[in-house]
Amino acid sequence: MKIIKTKFITSFADAKEYAKFDYKNEFCFCGRSNVGKSTLINTLTNQKIAKTSQTPGRTRLINIFDCNDGQFTLVDLPGYGYAKASKTQNEAFKTLAEGYFSAATSKNALRKVFILCDIRVKSPLDSQMLDYLYYFQLPFSILATKCDKLSKSQLHRHVMDLAAFLNVGKDNIITVSDKGMGKDKTLQMISEAINL
């Protein structure tokens, strides 16, 4: 499957506003701040449609993108765990994300959560997010980002380490990069989830 056409729809600062809209076949991207969510969306769509920044914590809204004229929707969530964010800001991010998951699930719109983890970092925050997804029985796949920063031998070792840390099988981790690594596998998962 290919993403031929992508269009930015809107942004939400409040999950209650999102709940009023009727999107179909949603695929959500979540992860720590600056892990590469927006960059991956740009790689998948072959467009610079999601704003990227070297500054962590820049995405503070739920950003919605339509793909292939309504075939499916990509959702870019704010990053969690931004160290310089205030306690109030971190709580706001948490409330926004949890509100999104609740609303998307109740509408039966959410097909899969892609949780992005930096291949070089074993963060307790990622483990907590996995626990959350397990608890609410949300379908997810793990995408390991920043893989182009490692050699092939380093990459294999880091995948094994991350799998052990997150308590998942190594085959459950898809390695991705902004140079296209893992793009076809990710698009295949999207295709399978909407039965294309």
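The values are calculated or read from the model by the stated rules, or taken from the named source; none is laboratory data. Nothing here was measured: the structure is a model prediction, and the numbers come from that model. Here Cβ is always computed from backbone atoms with ideal geometry, including for glycine, and neighbour counts include all displayed protein chains. Just the protein is used for accessible areas: all its heavy atoms, side chains included, with ligands, DNA and RNA removed. Shrake-Rupley method; radii C 1.70, N 1.55, O 1.52, S 1.80 Å.
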| Listed residues Y80, Y134, Y100, most fluctuating in the chain (Gaussian network, C-alpha, under 10 Å) | Y134
| message | Whole-Hz ³J(HN,Hα) for each residue in the range 170-181, computed from phi via Karplus 6.51 cos²θ - 1.76 cosθ + 1.60 with θ = phi - 60°, x for glycine and proline: what do you get? | response | 4, 6, 7, 10, 9, 7, 10, 7, 6, 8, x, 4
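Find how much the distance from S153 to L187 grows on full extension, using 0.36 nm per residue of separation minus their present alpha carbon separation; answer in nm with one decimal. Please list the in-between numbers first.
On the way: separation 34, 0.36 × 34 = 12.24 nm, distance 2.57 nm.
Between S153 and L187, full extension yields an extra 9.7 nm.
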| Looking only at S106, S151, S33, which one moves most when the chain is put into a Gaussian network model with springs between Cα atoms under 10 Å? | S151
| Label-to-label distance, nm, for residues given as N68 and Q128 (7 Å Cα→Cβ offset) | 3.6
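Provide the packing ranking of 61-70, 108-117, i.e. peptides ordered by the mean count of other C-beta atoms within 10 Å per residue, highest first. The partial results should precede the final answer.
Details: 61-70: 17.8, 108-117: 20.9.
Top of the packing list down: 108-117, 61-70.
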| task | Could you list, in their original order, any pairs among K112/K179; K24/K146; K146/K179; K48/K94 whose Cα atoms are separated by more than 20 Å? | result | K112/K179; K24/K146; K48/K94
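Can you compute the FRET efficiency between K2 and E91 using 1/(1 + (r/R0)^6), with r the Cβ-Cβ distance and R0 = 45 Å? Round to the nearest 0.05.
Details: r = 39 Å, r/R0 = 0.87.
FRET efficiency, K2 to E91: 0.70.
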| Taking the mean number of other Cβ atoms within 10 Å as a proxy for protection, how do you rank 136-145, 39-48 from highest to lowest? | 39-48, 136-145
| field | Label-point separation, F136 to I9 (7 Å along Cα→Cβ), nm | value | 1.8
| note | the chain accessible area per residue, 1.4 Å probe, protein heavy atoms, integer Å², reads 53
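Using alpha-carbon pairs under 8 Å, 6+ residues apart, how would you state the relative contact order of the chain in percent?
Details: 327 pairs, mean separation 47.7, N = 196.
Once divided by the residue count of the chain, the mean separation gives 24 percent.
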| note | Square roots of five times the C-alpha gyration tensor eigenvalues of the chain, ordered largest first and given in whole Å, equal 24, 20, 16
